[in-house]
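Trainee: Below you will find the structure I want to go over with you.
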Amino acid sequence: MYNITLIPGDGIGPEVAEAAQAVIEATGVKIQWETVNAGIDVLAKEGILVPDKVFESLEKTRIALKGPITTPIGSGFKSINVMLRKKYDLFSNIRPIKAIPGIAVPFQNVDLVIFRENTEDLYIGQEKTIDEGTAEAIKRITREGSLRIIKAAFTYAHQNHKSKVTVVHKANIMKLTDGLFLQCAREVSKDYPHIQLQEVIVDNMCMQLVMNPSQFQVIVTTNLYGDILSDLCAGLVGGLGVVPGANLGKDMAVFEAVHGSAPDIAGMNIANPIAMILTGAMMLHYLGESNKSHSIYKAVEATVLEGKFVTKDLGGSASTKDMTNAIIANI
Ligand code: NAD
């Protein structure tokens, strides 16, 4: 029996979290869920954005399945997602991007993993207004922060028999910050002579990804580029509805899909649950339940290939619940 924190989030979060929970339970893995929540819905009900019980549960279980949480745009409170990643030093944001057979996309063989640094860069939230017409933000890159995410990417590449790691940067312009990240990549790569280090400037990377994505295996990059490239790559394999993710630190893991709270489709029972369900599969793999994790991947693939119960974003007309039930039936 595993003790796991469940943070449903808001927007489509509760719908897809419920789907993931049901699919995980269908594998037979026994989980004691501790459900706590944060975000705008909680603020409206309890008068607080992140109740203490969220922190208490995370600090006890050290592992969570988390739905997306809305962040106001341009003003208002800061991102709860970013705060949790920083507070618990969840420095490694891992996002596998893999084509699922049956989804109509231009490239059938995309299979890459993004390692995004999750705690530094422009996401440290240090912005200030200089005068009425001027605002500034600090981009912080540290040697320690860079080395650990780059080592994580190379370790993954080594363990999974990948021959190349691509570091994405803009060190031609940001010579000190991105320059430091790139320098760290060159240093780490020396310990892995059997793995090629490919250096690509972020703008070129965007073009390469949309023209020939299967040339990439493992991508490592800073926080903001990683965030943007994740959504770009999601678009290559069918959209945000199918891409899972994990935030890993030294002693805590928070599993969450790449997508946000999707307010445009929230509460309509049409969100694609696959991203969150595969996020659950990543969590089972992390727990050592590799067979059960694999059974989820296979069931998702079978459901998509059958094509009867797929959601609107994949060209079907099934509801979130219908698709979830079809996946469960395929387990
Ligand atoms: P989004 O990912 O919520 O949505 C982008 C587009 O993709 C929308 O058209 C949406 O309908 C679609 N989409 C996303 N997930 C889908 C799914 N499972 N099935 C079908 N379609 C799906 O991004 P956004 O609109 O830029 O952001 C909305 C809110 O989410 C913002 O407040 C943002 O800050 C927040 N956000 C949260 C997280 C997180 O909690 N980790 C991540 C990204 C964005």
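Trainee: Report yes if some residue within segment 21-39 is under 30 Å from residue 145 (Cβ atoms), within 12 Å of the ligand (Cβ to nearest atom) and out of contact with any His (no Cβ under 9 Å at 6 or more places or on another chain); otherwise report no.
Mentor: Yes, segment 21-39 contains at least one residue that is under 30 Å from residue 145 (Cβ atoms), within 12 Å of the ligand (Cβ to nearest atom) and out of contact with any His (no Cβ under 9 Å at 6 or more places or on another chain).
Trainee: Restricting attention to segment 286-296, which residues are in a helix (DSSP H, G or I) and surrounded by 18 or more Cβ atoms within 10 Å (Cβ to Cβ)?
Mentor: Within segment 286-296, the subset in a helix (DSSP H, G or I) is 286, 290-296.
Of everything in segment 286-296, those that are in a helix (DSSP H, G or I) and surrounded by 18 or more Cβ atoms within 10 Å (Cβ to Cβ) turn out to be 292, 293, 295, 296.
Trainee: From the list 95, 116, 85, pick out the single residue that is open to solvent by less than 70 Å² (accessible area, probe 1.4 Å) and assigned to a helix (DSSP H, G or I).
Mentor: On the way: 95 fails: assigned to a helix (DSSP H, G or I); 116 fails: assigned to a helix (DSSP H, G or I).
Just one listed residue meets the conditions, 85.
Trainee: Right, something else. Go through segment 19-39 and count every residue that is closer than 19 Å to residue 319 by Cα, out of contact with any strand residue (DSSP E or B) (no Cβ under 8 Å at 6 or more places or on another chain) and buried (at least 24 other Cβ atoms within 10 Å of the Cβ).
Mentor: The qualifying residues number 2.
Trainee: Within segment 95-115, how many residues are modelled with pLDDT of 95 or more and in contact with a strand residue (DSSP E or B) (Cβ under 8 Å, 6 or more places away or on another chain)?
Mentor: Summing the residues that are modelled with pLDDT of 95 or more and in contact with a strand residue (DSSP E or B) (Cβ under 8 Å, 6 or more places away or on another chain) in segment 95-115 gives 10.
Trainee: Which one of 42, 16 is touching a residue at least 60 places away in the same chain (Cβ under 8 Å) and either open to solvent by 40 Å² or more (accessible area, probe 1.4 Å) or assigned to a helix (DSSP H, G or I) (or both)?
Mentor: Working: 42 fails: touching a residue at least 60 places away in the same chain (Cβ under 8 Å).
None of the others qualify; the one that does is 16.
Trainee: So if I check each of 318, 329, which one is free of Cβ contacts under 8 Å to residues at least 40 places away in the same chain and away from the ligand (no atom under 16 Å from the Cβ)?
Mentor: From the options 318, 329, the qualifying one is 329.
Trainee: Let me ask something else about it. Please determine, by comparing only the residues of segment 297-331 that are aliphatic (A, V, I, L, M) and part of a loop (DSSP other than H, G, I, E, B), which one is most open to solvent (accessible area, probe 1.4 Å). Explain how you work it out, then say what you get.
Mentor: Keep residues of segment 297-331 that are aliphatic (A, V, I, L, M), which gives 299-300, 302, 304-305, 310, 314, 318, 323, 326-329, 331.
With part of a loop (DSSP other than H, G, I, E, B) added as a condition, the list becomes 310, 318, 331.
Values: 310: 11, 318: 9, 331: 66 Å².
Looking at the filtered set, the residue picked out is 331.
Trainee: Return the pair list, or none, for Cβ contacts closer than 7 Å from residues in segment 200-218 that are over 18 Å from residue 94 (Cβ atoms) to residues that are of a type in the set (Lys, Arg) and surrounded by 14 or more Cβ atoms within 10 Å (Cβ to Cβ), at least 6 apart or on different chains.
Mentor: So the pair list comes out as 201/170; 202/170.
Trainee: Among the residues of segment 36-65, write down those that are among the β-branched types (Val, Ile, Thr) and over 16 Å from residue 1 (Cα atoms). Let's see the steps before the verdict.
Mentor: Going through segment 36-65, the residues among the β-branched types (Val, Ile, Thr) turn out to be 36, 40, 42, 48, 50, 54, 61, 63.
Selection gives 36, 40, 42, 48, 50, 54.
Trainee: Just give me the residues in segment 149-176 being more than 23 Å from the chain's Cα centre (by Cα) and open to solvent by less than 30 Å² (accessible area, probe 1.4 Å), in sequence order.
Mentor: Result: 171, single match.
Trainee: Which of the residues belonging to segment 45-79 are in a helix (DSSP H, G or I) and either small (Gly, Ala, Ser) or within 16 Å of the ligand (Cβ to nearest atom) (or both)? Steps first, please.
Mentor: To start, the set of residues in segment 45-79 that are in a helix (DSSP H, G or I) comprises 45-46, 52-61.
Within segment 45-79, 54, 57, 58 qualify.
Trainee: Any idea which of 99, 135 is of a type in the set (Gly, Ala, Ser) and in contact with a Phe, Trp or Tyr (Cβ under 8 Å, 6 or more places away or on another chain)? First the steps, then the outcome.
Mentor: Values: 135 fails: in contact with a Phe, Trp or Tyr (Cβ under 8 Å, 6 or more places away or on another chain).
Just one listed residue meets the conditions, 99.
Trainee: Does residue 230 count as open to solvent by less than 10 Å² (accessible area, probe 1.4 Å) and either small (Gly, Ala, Ser) or touching a strand residue (DSSP E or B) at 6+ places or on another chain (Cβ under 6 Å) (or both)? First the steps, then the outcome.
Mentor: Numbers: open to solvent by less than 10 Å² (accessible area, probe 1.4 Å): yes; either small (Gly, Ala, Ser) or touching a strand residue (DSSP E or B) at 6+ places or on another chain (Cβ under 6 Å) (or both): yes.
Here the answer is yes, as residue 230 does meet what is asked.
Each row is one residue, and each column tells you yes or no for (1) surrounded by 19 or more Cβ atoms within 10 Å (Cβ to Cβ); (2) touching a residue at least 24 places away in the same chain (Cβ under 8 Å); (3) more than 6 Å from the ligand (Cβ to nearest atom); (4) among the hydrophobic types (A, V, I, L, M, F, W, C).
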position: 238; (1), (2), (3), (4): yes, yes, yes, no
position: 247; (1), (2), (3), (4): yes, yes, yes, no
position: 257; (1), (2), (3), (4): yes, yes, yes, yes
position: 271; (1), (2), (3), (4): yes, yes, no, yes
position: 276; (1), (2), (3), (4): yes, yes, yes, yes
position: 279; (1), (2), (3), (4): yes, yes, yes, no
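The values are calculated or read from the model by the stated rules, or taken from the named source; none is laboratory data. Model, not experiment: these values are computed from the prediction. So basically every Cβ, Gly included, is an ideal-geometry build from the backbone, and we count neighbours across all protein chains shown. Calculation scope for accessible area: heavy atoms of the full protein, side chains included, ligands and nucleic acids excluded. Shrake-Rupley method; radii C 1.70, N 1.55, O 1.52, S 1.80 Å.
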